[in-house]
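Down below is the structure, laid out as structure tokens.
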Amino acid sequence: MMTTVVIADDHDMVRHGFRMVLSTQPDLTVVGEASNGNAAWDLVRRLHPAVLLADIRMPGIDGLELVRRIAATSDLATKVIVVTTFNEDEYVTRALRDGASGFLLKTSAPGLLVEAVRAALVGSALISPEVTVRLLERLRAGRETLQPDPPLTPRERDVAKLVARGLSNDEIGATLHIAPGTIKTHVSHISMKLGNVTRVRIAAWAWESGLVSRL
């Protein structure tokens with residue numbers, strides 16, 4: 001089955017670029033584009049896409065309000081990935097708190113956009129490496145802790161180290177010479193062993209446990 005995507009951004013070139021990236025994937029199809037938040041909201045309610053890629057600052061409803069509205073609408077199952085140039089703590093916190101299924105910077109590699117869409121579809125949230133590092137610092141400052149010594153396999157520990165460095169599944173696969181699909185399985189197993197946590201918290205555990213210092 002094809003995964004349907006709507007793109008919301010007030011810049012034509014950005015929408016065109018995202019469409020080009022997604023069109024390389026045989027199972028992803030862009031079914032609509034919007035140049036403002038109001039049009040995006042109408043498209044989501046009419047088309048019920050699987051994923052919405054939304055900028056933060058747009059005319060009309062902004063991307064953060066779209067996240068909140070979609071999460072609060074019971075008949076909408078659309079996953080929202082915020083894709084923006086604004087790398088600010090307030091935006092990241094609000095987006096993830098209100099239900100975003102990812103937070104990417106527009107400077108991210110094209111492959112990360114595809115990976116974020118796939119992660120959203122299975123209930124995960126992919127965050128740009130630059131944002132992840134800052135979130136980790138905040139987690140450490142707040143002394144948030146995870147299970148201290150989960151029973152990870154040696155390969156899972158290798159994967160957790162690279163997650164902590166902000167690498168995507170494709171990048172981890174290339175580093176360890178393993179298929180990205182296998183990396184995805186490893187990340188899922190690590191998450192379950194840590195208590196069904198997000199990718200950011202896997203990285204936080206790797207830092208807090210001292211695993212990263214042994215890279």
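Quick notes on this one:
- For the chain, the relative contact order comes to 14 percent (Cα pairs under 8 Å, sequence separation of at least 6).
- Legend: residues Met1, Met58, sorted from most to least accessible area (1.4 Å probe; ligands, DNA and RNA excluded), read Met1, Met58.
- With a Förster radius of 30 Å applied to the C-beta separation of Ser23 and His189, the computed FRET efficiency comes to 0.40.
- Measuring only protein heavy atoms, the 1.4 Å probe finds Thr153 accessible over about 60 Å².
- Our helix-only sum for the chain, with -39,500 (n - 2.57) per DSSP H run of n ≥ 4 divided by its residues, gives a mean residue ellipticity at 222 nm of -15500 deg cm²/dmol.
- Degrees, to the nearest 10: 154-164 long Cα axis against longest axis of the chain: 50
- Share, in percent, of DSSP beta bridges within the chain that are antiparallel, nearest 5: 0
- With protein chains left intact and a 1.4 Å probe, residues in the chain average 47 Å² of accessible area per residue.
- Largest-first ordering by accessible area, 1.4 Å probe, given options His16, His186: His16, His186
- Among 177-183, 49-55, the order from most to least packed when residues are scored by Cβ within 10 Å on average: 49-55, 177-183
- For the chain, the longest principal axis of the Cα atoms and the long axis of helix 63-72 meet at an angle of about 80 degrees.
- Carbon and sulfur %, accessible surface of the chain computed with the full protein complex present, 1.4 Å: 53
- Read-out semi-axes √(5λ) of the Cα gyration tensor in Å, derived from the coordinates shown; its label in (1) 30, 18, 15; (2) 24, 20, 19; (3) 36, 23, 15: (1)
- Computed over the range 5-55: relative contact order in percent, which uses C-alpha pairs under 8 Å that are six or more apart: 54
- At R0 = 25 Å, FRET efficiency that the Cβ-Cβ distance of Asp75 and Ala109 yields, to 0.05: 0.15
- Helix 180-193 and the longest principal axis of the Cα set of the chain meet at an angle near 70°.
The values are calculated or read from the model by the stated rules, or taken from the named source; none is laboratory data. Since the structure is predicted, the reported quantities are computational estimates derived from the model, not experimental observations. Here the Cβ is made from the backbone with ideal geometry for all residues, glycine too, and neighbour counts use every protein chain on show. Accessible surface areas use protein heavy atoms only, side chains included; no ligands, DNA or RNA. Shrake-Rupley method; radii C 1.70, N 1.55, O 1.52, S 1.80 Å.
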